[in-house]
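What follows is calculated from the coordinates using simple rules that are stated; it is not laboratory data. Keep in mind the model is a prediction, meaning the values are calculated, not measured. Here the Cβ positions follow ideal geometry from the backbone for every residue, glycine too, while neighbour counts run over all protein chains shown.
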Amino acid sequence: MRVLLVGNHWTEGPGGAETMLVLTAELLRAAGHEVVPFAVAEERTLPTPVRPLLPAAAGSGSRTRFGEAWAGTWSPRAYRALVRVVDEVRPDVAHVHHVFERLTVSVLDALQRRGVPTVMTLHDYKPVCPDFRLFTDGAPCTRCLSGGYWQVVRHRCLEGSRWRSVAAAADAYASRARGVYQRVDRFLAPSAFLRDRVVEGGLPAGRVQVLPNPVVAAASPRPSATGPPVVLYASRLVAEKGVDTLLDAAARLPAGVRVRLAGSGRLERAVRSRVAAEGLPVDVLGPLPPERVAAELQAAAVAVLPALWWENCPMAVLEAAAHGVPVVASAVGGVPELVDDGETGLLVPPGDAAALAGTLTRLLSDPAAADRLGRAGWARVRSRHDPLDHVAALQELYRRVAR
């Protein structure tokens, strides 16, 4: 089959959506399919046969923040570019990933206009929440699931920006009125938790299918960690990921333990300032390429994800388990679907720095238990997140929607 892969970024990271897009392309090509990626044009964009046709991100070149925010609701450039690509490539099916604010939902209109069967993987809650995250004022939120998108303006949910919040609410109302998501043949939810929330928010239950993210596991679990104990956080530096909770916990860890943060985001500058001001045992590494993240995992005693929001199917958990690294994570959203507490990892209440520090300390002081959890997590992802099983499910789904 000829598969058109559509996503905001055709790059190596930095987020889970980009990781999944690249991995999906690799799996489909290995299975003998022709894959044509379509994304915004960036300096880091990977090779694609339609590179000259890729559009600039919506809002690029805007003179005001309002103009940039409003442009992120629907992109004429992305629409025209994708129509041209479809006419040139003539795909059998399109697989859409995260397209909001940069390509925008204009790509769904373009695919519908050209009659391309469409599958869409949901990396967050955007179809039912203008803020993507179902997260407001530091806590999970369901106000918009009833369709009252004006709440996002009232609470300035998009990083406190009035204009981004207004644009996002208007986009949500317009998308529902125009039936944008009714044009998608099948949605893929990487967790049952996300599926239940988007169905509660109005997506048709019969067209939302659970398919967990795959991960390429190491041939064997890594050997026991040696050297000074290291706790690795490999994710975005944003409030909803619980970064401040992790910094609070870092101050309570035993002497000699280092917390290493691999990633970037809105809080990076504030995190660096706090680490310096408080003398915390934390190394802020910034964004790292995949091979560097893998090396950090190999050396870590434990991986941590102290999220506050309802995570979907976080690659940070899967990638740690794929190396045999034990995981301590918040019991939120789809995380309990990935971590069997006490068997393949440990779960803690979100936002509880004392509980997080205590759990990390307990695991760091018991290397045998850490190795046992790491090996069990590795075995679990090998059996439940195997890439070959994932691509087989994708191929069957593509055949169904193409018919």
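Taking amide H positions as placed in the peptide plane 1.01 Å from N, state which residues far from F135 in sequence (5 or more) or on other chains have amide H under 5 Å from it.
Distant-sequence amide H within range of F135: C141.
Among V328, A250, G263, pick out the residue whose Cα is farthest towards the positive end of the charge dipole of the range 230-384, where Lys and Arg carry +1 and Asp and Glu carry -1 on C-beta, about the Cα centre.
G263
Over the range 106-153, what per residue volume does the convex hull of the Cα atoms give, in whole Å³?
Taking the convex hull of the Cα positions in the range 106-153, it is 97 Å³ per residue.
Taking the square root of 5 times each eigenvalue of the Cα gyration tensor, what semi-axes in Å does the equivalent ellipsoid of the range 220-374 have, largest first? Walk me through the numbers on the way to the answer.
Numbers: eigenvalues 83, 58, 49 Å².
So the three semi-axes of the range 220-374 are 20, 17, 16 Å.
Please report Rg over Rh for the chain, where both radii come from the alpha carbon positions and Rh follows the Kirkwood definition.
0.96
How large is the dipole of the range 230-384 about the Cα centre if only Lys and Arg carry +1 and Asp and Glu carry -1, each at its Cβ, rounded to the nearest 20 debye?
Magnitude of the dipole: close to 280 debye.
Got a sec to turn the phi values of the range 115-125 into Karplus ³J(HN,Hα) couplings, 6.51 cos²θ - 1.76 cosθ + 1.60 with θ = phi - 60°, whole Hz, x for Gly and Pro?
x, 8, x, 10, 10, 10, 8, 9, 8, 7, 9
Of all beta bridges DSSP finds with both residues in the chain, what is the antiparallel percent, to the nearest 5?
10 percent
With the crude spin-label approximation of a point 7 Å out along Cα→Cβ, what separation in nm comes out for W163 versus Q298?
4.7 nm
Give me the angle, in degrees from 0 to 90, between the Cα long axis of helix 268-278 and the longest principal axis of the Cα atoms of the chain, rounded to the nearest 10.
Relative to the chain, helix 268-278 is tipped by roughly 20 degrees.
Measure out, as a whole number of angstrom, how far apart the alpha-carbon centroids of the range 375-403 and the range 328-342 sit.
20 Å
Please turn the phi angles of the range 354-366 into ³J(HN,Hα) values with the Karplus equation 6.51 cos²θ - 1.76 cosθ + 1.60 (θ = phi - 60°), one per residue in order, whole Hz, x for glycine and proline.
5, 5, 5, 4, x, 5, 4, 4, 4, 6, 5, 8, 10
Counting GluC sites (Glu not before Pro) as exposed when in a DSSP loop with at most 13 other beta carbons within 10 Å, what is the longest stretch of the chain free of them?
So the longest stretch without any such site is 160-342.
Identify the trypsin sites (Lys or Arg not before Pro) of the range 106-183 meeting these criteria: DSSP loop state and at most 15 other C-beta atoms within 10 Å of the C-beta.
Working: sites: R113, R114, R133, R143, R154, R156, R162, R164, R176, R178, R183; in loops: R114, R133, R156.
Listed in order of number, the matching sites are R114.
Take every DSSP beta bridge whose two residues both sit in the range 1-134, then give the antiparallel share in percent to the nearest 5. Intermediate results must be reported in sequence, preceding the final value.
Numbers: 1 of 13 bridges.
Of those bridges, close to 10 percent are antiparallel.
Report the net charge of residues surrounding S273, where surrounding means a beta-carbon distance below 14 angstrom and charges are Lys +1, Arg +1, Asp -1, Glu -1. Kindly include the intermediate steps, with their values, before the conclusion.
Numbers: positive: R266, R269, R272, R274; negative: D244, E268, E278.
Surrounding charge for S273 is +1.
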